Every structure is written in structure tokens, then in C-alpha cells.
Amino acid sequence: MAVRAARRPRRRSIPVARILLLGFFLIFVLFPLYWILNTSIKPSDDYLAVPPVWWPEHPTLVHYEAALFAYRGLDGLVNSIIVSVSATILSALLGTLMAYSLARYNTGGRHLSFWVLSQRFLPPIGIVLPVFLIYRSVGIYDTRFGLIIAYTVFTLPVSVWMMFAYFRQMPKSMEEAALVDGCTRWQAFWRVAVPLAAPGIVAAAVFAFIACWTEFFFALLLTSRTAFTLPTVFRAFIGFQGAQYGEAAALAIVSLVPSIALGVLAQKHLVRGLTLGAVRG
Amino acid sequence: MSNFSLRQMTSAGAPLPLSGVAQWTERHFKWILVGPAVLLIVALSIYPLAFSLVVSFINYDFQIPGHAFVGLKNFERVIFDPVARWSLVLTAGLSGVSVAVEFMLGLAVALTMVRSFPGRGLIMSILIVPLFISPVIVGQAWTLLLQRPFGPTNYVLSQLLGYEVTIGWLTESPWLYISLIIADVWQWTPFMFVILLAGLTSIPPNLYEAAELDGVNAWQAFWAITLPHLAPMMLLAITFRLLDAIRMFDTIFIMTGGGPGTQTYTASYYLYTIGFTQFHLSQATAGSWLFLIVTALVVTLLVRRLLRAEVN
């Protein structure tokens, strides 16, 4: 295989297969992103040109304006920010509390930790219907508060398991020393363990944020005209009767930039994030 | 794992100088820490599940008044609905094919990225980008690329193949299935790639050096060293991905809307339509329970194997 050929220091042949495969895959990944960007700044007159307009001569921002204001993208953006940030903070906080207890005190044994894990694999369709009914009767349907709570719960398994793995690989001697010195358990946790675990907490928070920011299903079914988030605004472009290609693309750009930026910044922790801490990247 | 506790110290006769509340906190500390998270999960996941079990045995339908107990009728309605059965078949087919393609492509790309080379860091950063994009946007992006007559796909294919290509990517079978799979593969191949790459880089390089000295060729080394060492990681990646793939909803919502007709109804999409556009809530919750049971079977099967592989 190409990889093995390249391992040999003597024979520095150019691994053609490897470059080709990687090249094709890079194009495959990048082309849709380029096409969204291209569409978002393309004047409507260029939409149906043959051959397609690969880069508009007169780029325009009208689609951004329309997407943010006419289609209420800005309201969605504000809701997305408030909901995602609040849920992330709650999830990281509650997740860290629980993970610490699981890692240091073995609370509930294996059962409790696996029960939390099992929540991660529960199909959302199974709980969203009753949650919808409960939300309507309690009066938090279509409120940011309702969505924040839902997002906190749905990101908790990942937060708990990422922090569980983090605390387990952290030496506990510092906390033990603090306890010997007369600290309460809370002080040993809050003043000693949490600062040491800060990088892990930040990483867990980043993944919780991305999960909230990109979530669609709960937002679609638990919100309507008030608390709707950015991804649900795309409903307006389904069917394309009015051919709002530019607006859809502009909204996509607005929505994907923050999560991509955060994700790439946190890529060191990506493997742990994707496997809930099961694999140390 | 040893228990983290300093009970020895307190029992040794040096009681901490604490107030009653603080002592209570100290004693129940571990339960106080897990309390909030557990309560939230119970309130928003366990209670709704129990509630939906009740709903699935009564009549809870915005089109039929009253909440009479109807036994297994809601379950029967789902089981004897041909659309439901089709959606289950489609869910299995789409997720199976998607995950298989993602796995093979992800493994191939991971193999090209094991060794360090100039620009590897940058390429790595680019390849993981799809993981941070909302599936809705992924669906939207592929709609823009494939939709006739706007998307450039048919034009590019016409140029490459030398004849006019006029495929209705989002309206004609089997192309619409292929489109949905492409969108899924685009978003989730990086998932496989990242995990498998982590597995590949953790294989000790001296194994390969020893094999090379023994005159083993690259292909044999792949089967004898890479595959067995990577197996647990492969199982983990496939399990995680499969469990998410069977929920497939967002891209379908955007790209095909379940159509034409009910051709692209996955299990999640079917239940969504029953519950939220036709308001047969009881039938939908009954169907959700059936789907949960099917999922649980898959989970136990796969996760059991996963745990066993990890132990070995």
C-alpha cells in the first residue's frame, strides 16, 4: 500500500495513489463549501446560467440582507446564541459535577455511568413527542427556556462522559492533599480539581456548544414563531418555489462559520469528543 | 478503581469542625453532585418515555376526541402500515450503505494520513470541517449542488461524459437515495477518518519494522498487523456511527421532504409525519416505542461486542 511504500526511507517514490485519493477527497469536501459561498454572493440573474457561474463578476450581499431580515435569520441567530450558550454552560457545569462524583467516588457503580451513556443513543423521536405534549401543557413550548433545558439534557451524556474520562486520567493526589489539610470535599473539588480540569471542561463545553448550535430536530418540534433557532429558518427555503438559492446559501454561511471556527480550534480534543472520551486522541 | 475517600481520617477521631448543614453536605457529597444532572435526565427523558408509554395505549389523537384505553390498537396500526415497514427497511438500507461507504473511505483516507508530510496539519483541519456543520446545512448544500436546473452537477457530468446528463437527483429513484447517501457520506466520513487515524497512529511502528525485516510485504502487513490492532477502534467507530445514522431525519427533511410520495420516509421521518403533521399522537408514540425496541436490540448487540472487544 502507498503508506507502507512511503515508510521505507530508501525508496522515496512519489505515492501517486495516495496523492490522488487525498486530492479527490479534499475536492469532495471543499466543493460544496465553495458552492455555498459562491451562491451566497451571486446575483440572482446568474442562477440559471449555462455554463454555471463559477465566480460572480459582481458579488453582492443582497442575499445576506434578505436572509437576515426578510426571512428573520437575525432573530434565529440571536435565539441560537442565547440557547446554545446557556445550554452549554448548564451542560458543562452539571456534567462536570456528575463526572467528578462518578470518577472519584464511583457513585452508583457502573450502572449510573452506563445509564447516562445510554441516553446518548436514545433516538430523539422517541422522547420528542411526549416532551412536546408536556411542554405544551406546562407552557414552555416555543420558549428559549424550554429549548435550553432540552439541549442541556441532550448534551449531558457527552459532557458527563468526556469529563468522566478526563477526571479518571487526572491524578487525585492534589485533592487528597487538600482533604488532609482540612478542606471540605466541596473545596477540594471546586478549588483544586476544577482548575486542574479546566482544559477538559473547555473542550467538553465546545462540543456541547457545537451540538446545540447545529441541532435541528428538537428546535423544529419544540419551537415555532418565537424561540426558533438558526437551523430551523432553512424551512423557509424548502421546495424553492421562489428560488431563494442565494438566501439559503447566505444563511448557511452565517450559521456554519462560528461552529467550524470553534471546532477547528478544539480539534486537539476531537477524538475524545467524538467517542465520548472512550478514545484518547 | 479504588474508592476516593478520606473516611479513614474522620473515623480516626478527628471530626471536622463543621456545622450541621455542612456535615450533611459532606456526608452526601457524591449524591449531591450527581443530583442535578440525574434529576434533569429523569424529568426530560425518563418521565417523557413513561408518559409516551401511557399515551401509546390510549387514544391521544387531535382528530379523535377523548382519551379512551385502546389496548394494542395503536401498535397494530403501525405494524400493519406498509409505509411504516418500508420506512424501517429504508432506514436499515440507507444507514447500512452510508456507514459502509463512510467506513471504507474513512479508512482509505486515514491510511494516506498516517505518516507526517508537509501540509498534513492544514489538510487535517480541512477534512474535519463537515463534522461541525448542521445536517440541515449539509442537506441544503447538496440540494444547491444537485437541484435541477440550478445545481452544477448535471452540467459537470455532461462535460465529463460527453453527453447530456439530465438526472433528477432529488426526485427520481434511485438517484434520490444516492443523493441522500452522498450527503451523509460527505458529513460523516471525517468521523470514521478521525477515529481510525487515532487508532492507526497508536499502533507501535516497531511492529512494521520487524515485519519488514522478516520480508513481509505491505499487503501482508496490513492484514497481519494493521487490521487486528485497529479492530476495536473499527467496531467503536461503526457502532457510534450506525446508532446516529438510524436517526436520519434532517437531510431528508431538507432534500426530499420524504418524497416523492413516501419513498424517502425513514423511521424518524415517518414517525414525525404521523405525529406532527397528521397529529395521530398515539400512533406515533406507539411507533416510537417499537423503533426504540428495535434500536435497543441493535445497541445491545453492538455494544456487547464492543465491550467484549475492549476487554480482550
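Coordinate-derived values only; no laboratory data. Keep in mind the model is a prediction, meaning the values are calculated, not measured. Glycine also receives a Cβ, built like all others from the backbone with ideal geometry; neighbour counts cover every protein chain displayed.
Overview of results
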| quantity | calculated |
| --- | --- |
| Which of A:CYS183, A:CYS212 has the fewest Cβ neighbours within 10 Å, and the rest in rising order | A:CYS183, A:CYS212 |
| Average partner coverage of A:27-38, which counts Cβ from other chains inside 10 Å | 5 |
| Cleavage-rule hits, chymotrypsin sites (Phe, Trp or Tyr not before Pro), the stretch B:131-230, DSSP coil, Cβ neighbours within 10 Å at most 11 | B:TYR163 |
| Residue (of B:THR153, B:GLY35, B:GLY259) at the positive-pole extreme of chain B, dipole from beta-carbon charges | B:GLY35 |
| Euclidean distance of C-alpha centroids, the stretch A:122-199 and the stretch B:33-106, integer Å | 26 |
| Restricting the stretch B:42-127 to trypsin sites (Lys or Arg not before Pro) in coil, as DSSP defines it, with at most 13 other Cβ within 10 Å | none |
| Listed residue (A:SER259, A:THR184, A:GLY273) projecting farthest to the positive dipole end of the stretch A:68-274, Cβ model | A:THR184 |
| Shielding by partners, peptide A:251-261 (average Cβ within 10 angstrom, other chains) | 4 |
| Charge-dipole axis of the stretch A:68-274 as Lys and Arg at +1 and Asp and Glu at -1 on Cβ define it, positive-most pick from A:VAL160, A:SER91, A:ALA205 | A:VAL160 |
| Footprinting exposure proxy for B:ILE41, A:ILE89, A:ILE127 (fewest neighbouring C-beta atoms within 10 Å first) | A:ILE89, B:ILE41, A:ILE127 |
| Where trypsin sites (Lys or Arg not before Pro) in DSSP loops with at most 11 other Cβ within 10 Å are excluded, longest remaining stretch of chain A | A:13-224 |
| Calculated P(r) tail over 15 Å for the stretch A:14-60, as whole % of Cα pairs | 55 |
| Over the stretch A:68-274, equivalent-ellipsoid semi-axes from the Cα gyration tensor in Å | 37, 19, 14 |
| Cα-based Rg / Dmax (Å) for the protein assembly as shown | 25.9, 90 |
| Approximate spin-label separation B:THR201-B:ILE46, in nm, with each point projected 7 Å along Cα-to-Cβ | 4.0 |
| Other protein chain Cβ atoms within 10 Å, averaged over every residue that makes up A:113-122 | 4 |
| Nearest-20 debye value, chain B charge dipole, Cβ charges on Lys, Arg, Asp, Glu | 680 |
| Ranked B:LEU297, A:LEU179, criterion: other C-beta atoms within 10 Å, fewest first | B:LEU297, A:LEU179 |
| Counted charge near B:ALA284, where neighbours are those whose Cβ lies closer than 11 Å (Asp, Glu -1; Lys, Arg +1) | 0 |
| Whole-Å distance, taken between Cα centres, linking the stretch A:210-281 and the stretch B:190-215 | 34 |
